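The next block holds one structure in the form of structure tokens; read it before the comments.
The values are calculated or read from the model by the stated rules, or taken from the named source; none is laboratory data. These numbers were taken from a predicted model, which means no experiment stands behind them. Backbone-built Cβ (ideal geometry, glycine too); neighbour counts: all protein chains shown.
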Amino acid sequence: MRSRTTRTFWLFVGPFAVGLLLFTYLPIAWSSYLSFFDARNTVTPTEFVGLGNYVDILTDRAFLDSIGTFTVFAAFIVPTTVVLSLVLALLVNRIRVARAFFRSVFFLPFACSYVVASLVWKMSLFSGVDSGVANTVLGWFGADPQAWVGTVDPPLYWVVLVTARLWLQLGFYMILFIAALQRIPTHLYEAAWIDGASPGWQTFRHITLPGLRGALVAVLTLNLINAYQAFDEFYNILGDSRGYPPFARPPLVYLYYTSLGSGGQDLGRGSAGAVVLALVIALVTLLSGRVLRRPT
Amino acid sequence: MGVELSRRSFGVVAGLLGLAACGANTGRGGSAEGALRHWYHAYGEDGVQDAVRRYAAAYPGARVEVQWNPGDYDSKVLTALQTSGVPDVFEAQVKVDWVRQRQVVPLDDLLGDTRGDFVRTLLESQTVDGRLYGIPQAIDTQVLYYRKSLLDKAGVTPPRTVDELIDAAKRLNTGAVRGLFAGNDGGVGVLTAPLLWSAGLDFLSQDGKAPGFDDPRAATVFGKLRDLNQALLLGSPTDWSDPGALVDGRVAMQWTGLWNLPKITAALGDDVGVLPFPRLDAAGAESVPVGAYSAMVNARGADVEAAKAYVRWLWVEKAEYQTEFATAFGAHLPARESLAASARPLRDGPGKDIVGFVTRGGRIASPARWSARANTALSDAVARIARQGADPAAELRAALDVARDEIARLDR
């Protein structure tokens, strides 16, 4: 009986574990190994350089800039996403008619490919031509058309990047919040109502929010990691195989060009950067987790 | 017990099969033993794919399988060369790192007495440490196309200096029609090299041992790009490599490739003129960037000699194929001087002008010793100067440091 359970366990877990080992842990280990070698255009390097790649990447202005930019980006996008998705969840959860319809409508963008959304944003919604959707709207108000993605001063490209990201992600976090909202027992609300708590802010502050603590921590953490791992919409909106401008350049996009770009593949430096980025993400996540879990 | 064993062995066999499938996945699946695999990037012009398949099928020496590679071809080649014997033959531009890591083989012995016939600067661009690693296939170049009628209307003469270009772009900028289109990145990608040449500078010094832009004039000329940015079209749905912006009337001038000449003349007829990139002043020169994919042989290939023989047959001996390849689909220039005369689209009009620009001012757009990292540092600097208004001198100092580092590394 026991061996049967063990067999079943491995039958189900085995393929996944093998995949994880082969396609996640092995590459991580290999990448860490490469980060100590001069690994240009090779995955089997011979020239050991110690911490050379780390010194290199940590004194590389472009890499440090991208980490800095995305720390600021995270500080903006994480609270924005959390607040907006929470508001959506509260609204959709309260609504009495067509609740499933609205839930689906807001969730659907999450099912859209980042690449497709990026191209729609870049070439149609925020295209620089007068007939672009955003420029048409500006035209109604008598404003001049803008180049959007191409406008650096003021940095309008952020409008394109941030709206694309919000549109793609809000629905997913909204679903997480709705699930958590539905787990808050209704008797708490009834008790509060009997005790004279006013519906609205007071109930939200003392019952809903504490009930959402677990979901909040999860959404914040996922969001934070996601912000540092930004790639798809940035690469597809601002970059191409020939290059990427030095602003709004996510660390992963910079590392992608460094280690896999078309000009020359420096896998040693790229891997060192990946390790540094992983450490930064781990550190920020731990810190935020510590702050969030502190008892109130 | 019996059942368990057979299940276990089934698992083991399945696992091994899976691994074996991974190990054997070198791109050789389904190809005949001894066939040569030849990779091309996906040319945008109709007919090229059929043509190169036809050439391959006509080779008497071996079976040749052509693979057409859409998407990010250069990265794909880089990755393939690291571990694989496939492709045997491919098109690319020589990189010093490939030579250092012995991923490609020298091809000097293929040229014989035709060496003098190939455009010299092209051969030099594919040469590392005195040895040739790629046989140039065709010449690509980029020029400034302009709408004659719009320039006339605005009373602007075709610009022959950088200042005239800026002035023309600003005066042609009428709101609905912008002055100039040089890519959605504000010209950083395609104008960096011509701007350097316009000031008599370059990526690298003459001997390739130092950066070629350690000069206050570099700051001056990239400052001009900042000025030019006010009159550029940005946010176009198509990029500089597509003639759309000019053909659809969104700009009066566009910097784009020779390959678009047929489409542009078909759409605009006589209302189009061409210019090289202008010079900054008397110390600089008019220029056009010249690039060429070259046929190269993978050192890990199963039969390097057979691959070399095929390259010699196609890119040295079969002159009629080379002419057709360069000129029959979109416009390119043949890589050999003796073939240039037979290229019909280039005998008169703008085509003829462009041949003149290449002869007089063709410059190598991506020298083998100019590394990707150095290029990123320089284009970051140019982007900050031209688009964000950063201090040119300080930005270029940082780029120079990286470039020096990279050049030193190549000779370590």
Where a residue in segment A:136-154 is farther than 14 Å from B:ALA386 by Cβ and its partner, wherever it lies, is of a type in the set (Ser, Thr, Tyr), with Cβ under 8 Å and at least six apart = A:TRP148/A:SER127; A:TRP148/A:TYR157; A:VAL149/A:TYR157
For residues that are surrounded by 14 or more Cβ atoms within 10 Å (Cβ to Cβ) and within 30 Å of A:ALA274 (Cβ to Cβ), tally how many sit in segment A:72-111.
-> 10
Of all helices (runs of 4 or more DSSP H) fully inside segment B:300-412, the set with 2 or more residues that are surrounded by 22 or more Cβ atoms within 10 Å (Cβ to Cβ), touching an Asp or Glu at 6+ places or on another chain (Cβ under 6 Å) and of a type outside the set (D, E, K, R) is B:372-388
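Inspect all residues belonging to segment A:176-189 and state whether any of them is touching a residue at least 24 places away in the same chain (Cβ under 8 Å), closer than 30 Å to B:ARG373 by Cα and either within 14 Å of chain B (Cβ to nearest Cβ) or in contact with a helix residue (DSSP H, G or I) (Cβ under 9 Å, 6 or more places away or on another chain) (or both).
So the first thing to find is which residues in segment A:176-189 are touching a residue at least 24 places away in the same chain (Cβ under 8 Å), and the list is A:176-184.
Now restrict to residues that are closer than 30 Å to B:ARG373 by Cα: none.
No, because not a single residue in segment A:176-189 is touching a residue at least 24 places away in the same chain (Cβ under 8 Å), closer than 30 Å to B:ARG373 by Cα and either within 14 Å of chain B (Cβ to nearest Cβ) or in contact with a helix residue (DSSP H, G or I) (Cβ under 9 Å, 6 or more places away or on another chain) (or both).
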Inter-residue pairs, beta-carbon under 7 Å, first farther than 12 Å from A:VAL159 by Cβ and small (Gly, Ala, Ser) and in segment A:119-134, second at pLDDT 90 or above and not in a helix (DSSP H, G or I), 6+ apart = A:GLY132/A:PHE126
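Considering only segment A:190-206, state which residues are out of contact with any helix residue (DSSP H, G or I) (no Cβ under 6 Å at 6 or more places or on another chain) and part of a helix (DSSP H, G or I). Walk me through how you get there before you give the answer.
As a first pass, look at segment A:190-206 and keep what is out of contact with any helix residue (DSSP H, G or I) (no Cβ under 6 Å at 6 or more places or on another chain): A:190-191, A:193-196, A:198-202, A:204-206.
Those that are out of contact with any helix residue (DSSP H, G or I) (no Cβ under 6 Å at 6 or more places or on another chain) and part of a helix (DSSP H, G or I): A:GLU190, A:ALA191, A:TRP193, A:ILE194, A:TRP201, A:GLN202, A:PHE204, A:ARG205, A:HIS206.
Considering every residue within segment A:156-175, establish whether at least one is within 8 Å of another protein chain (Cβ to nearest Cβ) and surrounded by 18 or more Cβ atoms within 10 Å (Cβ to Cβ).
Restricting attention to segment A:156-175, the residues satisfying the condition of being within 8 Å of another protein chain (Cβ to nearest Cβ) are none.
Within segment A:156-175, none of the residues are within 8 Å of another protein chain (Cβ to nearest Cβ) and surrounded by 18 or more Cβ atoms within 10 Å (Cβ to Cβ).
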Checking A:SER66 against (1) at the interface with chain B (Cβ under 10 Å from one of its Cβ atoms); (2) surrounded by 13 or more Cβ atoms within 10 Å (Cβ to Cβ); (3) at negative phi, which single condition isn't satisfied?
-> (1)
Residue selected from segment A:236-248 under the condition more than 9 Å from every other protein chain (Cβ to nearest Cβ) and either touching a residue at least 40 places away in the same chain (Cβ under 8 Å) or over 13 Å from A:SER66 (Cβ atoms) (or both), by the criterion surrounded by the fewest Cβ atoms within 10 Å (Cβ to Cβ) = A:ASN236
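Go through segment B:345-388 and give me each residue that's charged (D, E, K, R) and in contact (Cβ under 8 Å) with a residue 12 or more places away in the chain.
At the first step, the residues of segment B:345-388 found to be charged (D, E, K, R) are B:347-348, B:352-353, B:360, B:363, B:369, B:373, B:380, B:384, B:387.
Those that are charged (D, E, K, R) and in contact (Cβ under 8 Å) with a residue 12 or more places away in the chain: B:ASP353, B:ARG360, B:ARG363, B:ARG369, B:ARG373, B:ASP380, B:ARG387.
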From the set of residues in segment B:196-251 that are in a helix (DSSP H, G or I) and basic (Lys, Arg), which is nearest to the other protein chains (Cβ to nearest Cβ)?
-> B:ARG226
Cross-chain or 6+ apart pairs with Cβ under 6 Å, segment B:66-78 first and at the interface with another protein chain (Cβ under 8 Å from one of its Cβ atoms) and closer than 19 Å to B:ARG53 by Cβ, then of a type outside the set (Gly, Ala, Ser) and surrounded by fewer than 17 Cβ atoms within 10 Å (Cβ to Cβ) | none
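Going through A:LEU51, A:LEU64, A:LEU91 one at a time, which residue ends up being under 30 Å from B:ALA399 (Cα atoms) and over 21 Å from the mean Cα position of the chain (by Cα)?
Numbers: A:LEU64 fails: over 21 Å from the mean Cα position of the chain (by Cα); A:LEU91 fails: under 30 Å from B:ALA399 (Cα atoms).
Unique residue meeting the criteria: A:LEU51.
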Which numbered condition A:ALA278 fails, given (1) surrounded by fewer than 18 Cβ atoms within 10 Å (Cβ to Cβ); (2) more than 16 Å from the chain's Cα centre (by Cα) | (2)
